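To start, the structure itself, in structure tokens.
The values are calculated or read from the model by the stated rules, or taken from the named source; none is laboratory data. Since the structure is predicted, the reported quantities are computational estimates derived from the model, not experimental observations. When we count neighbours, we look across all protein chains shown, and the Cβ atoms used for this are built from the backbone with ideal geometry, even at glycine. Side chains included, ligands, DNA and RNA excluded: accessible areas come from the protein's heavy atoms. Shrake-Rupley method; radii C 1.70, N 1.55, O 1.52, S 1.80 Å.
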Amino acid sequence: MADLIRVLFHPMEKDALVTGRTTVLEAIRSAGIQVESICGGKGECNKCRVIHVLGDCDAGSPESLKGLTPEEISRHYCRACQTHVLGPCEFIIPVESRIDSPKILLTYVGGSRDLSLSVTKHLLVTAPAGYESSGQRSLKLADYTGPRPHMTREQHDLMAGSTEPMTVTITRSTGYPEVMKIEPGDTTGRNYGLAVDLGTTTVVGLLVNLLTGEACGEASALNRQITYGEELLTRIAAAKRPGGRAQLQLAATESINAVISQLVSAAGIQQDEINDVCVAGNTVMHYLLLGYEPGILEIANADIPRTPSVVKARTLGLRVHKEACVWCLPDVSRFIGGDAVGDTVASGMYASHELSLVVDLGTNGEVILGNAEWMASVSCASGPAFEGAGISSGLRAMKGAIDHVTIDPDTGNVSWTTIGNEPPKGICGSGIIDAAAAMVGAGILDFTGKLVDGRPGVRQRAGNETGTGDDGLEFVLVGKGQTATGRDIVITRDDMAYLMDSKAAVCGSIGVLLNKYRVRVGDVRHVYLAGAFGAYADTAKIVKFGIIPDFFQATFHQIGNGSLSGAAAVLVSRMKRQDAQNVARKMVYIDLLVDADFIEEYASALYIPGRPEYFPR
């Protein structure tokens with residue numbers, strides 16, 4: 001075995017033992033530290049910057065410094081994914097590279113009125129006299145109605161031979177009632193379920209009392225797959241590497257277990273009292289959690305089963321009762337998954353005759369148009385721009401992230417707020433949208449999304465790592481004297497190009513649905529905005545910048561974490577599980593990668609706000 005080398009990381013004072021030539025990013029992962037790494041270590045995003053303090057490594061090589069500014073190089077910055085450990089060494093992880101106290105959306109639409117559980121508890125009672133047959137005791141479960149549950153011979157013998165009170169737990173998650181567990185005494189008053197939103201970036205869990213359908217608590221954690229890349233295709237590529245699928249499955253399981261630990265601790269219950277689990281995630285997240293081969297998801301028009309996946313918790317290593325079933329909401333296509341089905345169930349659009357639109361934008365964007373008669377969906381590569389990633393000064397929603405921006409059109413003075421009222425470290429998704437809309441209103445951006453030279457705050461960008469050349473214009477949002485990093489927070493020409501690309505992808509994908517189904521913006525009566533995008537961004541500014549059309553006749557609804565709401569609904573209602581399956585079967589999927597109309601819609605959306613017919617006011 002090769003000698004192991006110690007790498008120490010400040011200020012968290014965590015270390016890792018790695019072999020020679022291991023990248024610093026891999027060492028960070030081994031130390032269990034969460035850092036920004038949008039590209040998954042391919043050397044494309046420059047978000048995994050660290051500061052070399054001392055020791056033997058190849059910091060200073062051309063690859064380790066590529067894309068860094070002269071100031072960063074003078075302060076011994078290097079790119080963790082392109083710097084290799086050669087001997088014992090130490091690094092500082094600067095504030096802009098850390099994932100610190102993220103603001104995770106927990107809000108859900110709760111309280112299903114239809115309490116028809118998949119998992120129920122029943123006391124084992126002695127049957128009335130005359131029911132005995134062949135000298136054997138007849139078994140009866142109090143308040144149980146339905147087909148005779150499946151059970152093993154051992155379970156039957158245990159119940160038949162008992163003279164003490166026993167509680168029998170029945171699960172119907174596999175489609176037919178079966179005995180899940182048998183406990184001594186009366187535990188019918190303690191029956192819990194878990195709803196999970198398995199997001200690309202975050203994992204949110206909701207603990208539910210299955211006796212009442214009420215929530216007992218919510219908790220969240222970052223998806224530990226983040227350091228393998230933020231985008232779905234990057235995760236798929238990571239899973240295809242030797243041992244990668246097992247690593248990503250373990251990361252997903254550990255993320256859910258971290259949420260479970262928080263929930264049971266706060267509620268004062270035992271992990272094995274959680275008897276049912278429902279998970280909503282996109283198709284890639286489902287495949288990675290379940291350990292399926294994700295390569296098929298790279299194929300356009302891949303045939304994806306539109307049925308729920310059901311597995312035992314013990315096969316995944318989830319810290320709930322080992323025989324609990326994990327019911328994953330059905331997927332529709334390779335990029336429209338159970339999370340979008342959950343959004344649809346939470347919105348109720350599938351039961352309404354009025355025309356509705358559901359929009360859920362994150363690392364991947366899902367859009368659903370329709371009503372009770374029909375539904376059509378698209379998925380767009382909106383990228384992580386709306387979550388603050390992919391932007392030079394971008395930051396996920398966490399303490400110190402700029403979340404709201406205004407600009408005085410007369411003076412050009414910029415006002416901003418940050419999450420936690422801390423000195424700004426960068427700008428998150430809602431702040432980016434605010435800033436872009438304000439920059440349009442102040443004349444800092446033209447109708448193509450380009451910075452206008454000569455406007456207040458606009459300057460020439462500094463040169464590259466060699467200190468020469470020009471990288472276009474940039475807008476100074478916050479001067480370095482006011483920031484937590486000691487550096488200017490800026491929006492560059494390339495940032496705006498990336499944001500315009502994301503905006504055009506979303507608006508263009510909506511345009512495809514409107515065009516194909518001959519729907520005008522005035523025909524839509526309800527717009528449901530799901531996820532952090534809908535919860536934190538200003539609806540008026542979303543329309544002003546042209547991310548979504550001006551549905552002037554529609555009522556806008558912020559449904560919070562629709563994926564979690566959908567998972568919670570199917571957790572407590574077998575009818576909702578059937579609704580989710582019907583939605584998945586009914587929904588038409590249009591793959592924009594092979595759709596001819598998308599290019600035209602996308603090109604038209606590369607202007608602010610976009611097509612005149614989509615923005616009639």
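In terms of modelled amide H atoms, which long-range or inter-chain residues lie less than 5 Å from the amide H of Gly394? Long-range HN contacts for Gly394: Ile427. In straight-distance terms, cross-link reach from Lys399 covers every one of the aspartates and glutamates whose alpha-carbon lies under 16 Å from its own, apart from those fewer than eight places away in the same chain; here that gives Glu36, Glu96, Asp100, Glu387, Glu422.
Sequence-distant or interchain residues sharing an amide H contact under 5 Å with Lys14, placed H: which? Long-range HN contacts for Lys14: Phe9. Sorting 239-245, 356-362, 525-531, 576-582 by average packing, meaning the other beta carbons within 10 Å per residue, from highest down gives 356-362, 525-531, 576-582, 239-245. Near the amide H of Ala401, within less than 5 Å, lie the amide hydrogens of Ile419, Lys425, all on another chain or at least 5 residues away, with H placed in the peptide plane.
Simple rule: put +1 on each Lys or Arg Cβ and -1 on each Asp or Glu Cβ in the chain, find the dipole, and look at Thr83, Val320, Leu499; the Cα lying farthest toward the positive end is Val320. For segment 160-277, the Cβ-based charge dipole about the Cα centre amounts to some 620 debye (Lys, Arg positive; Asp, Glu negative; other atoms uncharged). The aspartates and glutamates whose alpha-carbon is closer than 18 Å to the alpha-carbon of Lys140, local same-chain residues fewer than 8 away aside, are Glu132, Glu154, Asp157, Glu164, Glu178, Glu183, Asp186.
Per-atom-type breakdown for the chain gives carbon and sulfur 50% of the accessible area (1.4 Å probe, protein chains only). Sorting 56-62, 590-596, 19-25 by their mean Cβ neighbour count within 10 Å, with the most densely packed peptide first, gives 19-25, 56-62, 590-596. Taking label positions 7 Å along the Cα-Cβ direction at both Thr174 and Ala300, the computed distance is 4.1 nm, reported to one decimal. Dipole of segment 502-561 computed with +1 at Lys/Arg Cβ and -1 at Asp/Glu Cβ about the Cα centre; of Val543, Val524, Val512, farthest Cα towards the positive end is Val512. Taken as Cα centroids, segment 17-89 and segment 245-294 sit 30 Å apart, rounded to the nearest whole angstrom. In segment 384-400, which residues have a backbone nitrogen under 11 Å from the label point lying 7 Å from Val476's Cα in the Cα-to-Cβ direction? Hits in segment 384-400 for Val476 at 11 Å: none. Take every pair of alpha-carbon atoms less than 8 Å apart whose residues are at least six positions apart; their mean separation over the length of the chain yields a relative contact order of 14 percent.
Farthest towards the positive end of the charge dipole of segment 201-299, among the residues Leu263, Thr253, Cys216, is the Cα of Thr253, using unit charges on the Cβ of Lys, Arg, Asp and Glu.
Taking the Cα centre of segment 260-418 as reference, the dipole from Cβ charges on Lys and Arg (+1) and Asp and Glu (-1) amounts to some 560 debye. Derived scalar couplings between HN and Hα for segment 27-35 equal 5, 4, 4, 4, 7, x, 9, 8, 10 Hz in order, rounded to whole Hz, by the Karplus curve 6.51 cos²θ - 1.76 cosθ + 1.60 (θ = phi - 60°), x for Gly and Pro. Rounded to the nearest 0.05, the FRET efficiency derived from the C-beta distance between Lys450 and Gln553 at R0 = 30 Å is 0.40.
How many angstrom lie between the C-alpha centres of segment 169-201 and segment 387-406? Each part reduced to its Cα centre gives a spacing of 40 Å. For the chain, the per residue solvent-accessible surface stands at 40 Å², with DNA, RNA and ligands left out and a 1.4 Å probe. Derived scalar couplings between HN and Hα for segment 533-549 equal 4, x, 6, 10, 7, 7, 4, 4, 6, 4, 6, 4, 7, x, 6, 10, x Hz in order, rounded to whole Hz, by the Karplus curve 6.51 cos²θ - 1.76 cosθ + 1.60 (θ = phi - 60°), x for Gly and Pro. Quick one: Cα centre-to-centre distance for segment 514-586 and segment 344-385, in angstrom? First find each Cα centre; the distance between them is then 5 Å. For the pair Glu164 and Arg574, label points projected 7 Å from Cα toward Cβ lie 3.1 nm apart. With R₀ fixed at 22 Å, the C-beta to C-beta distance from Lys42 to Leu290 puts the FRET efficiency at about 0.30.
Pairs exceeding 22 Å between alpha-carbon atoms, taken from Lys47/Lys480; Lys516/Lys586; Lys425/Lys480; Lys14/Lys322; Lys14/Lys47; Lys503/Lys586: Lys14/Lys322; Lys503/Lys586. Once both labels are positioned 7 Å from their Cα atoms along Cα-to-Cβ, the gap between Leu233 and Arg21 label points is 2.9 nm. Computed from the C-beta positions of Arg520 and Arg241 and an R0 of 60 Å, the FRET efficiency is 0.80 to the nearest 0.05. Taking the Cα centre of the chain as origin and assigning +1 to Lys and Arg Cβ atoms and -1 to Asp and Glu Cβ atoms, the resulting dipole is close to 840 debye. Couplings 3J(HN,Hα) for segment 360-373, derived from phi with the Karplus relation 6.51 cos²θ - 1.76 cosθ + 1.60 (θ = phi - 60°), are 10, 10, x, 4, 10, x, 10, 10, 10, 10, x, 7, 5, 7 Hz, where x marks Gly and Pro. Per-residue packing, averaged as other Cβ atoms within 10 Å, sorts the ranges 261-267, 438-444 into the order 438-444, 261-267, beginning with the highest.
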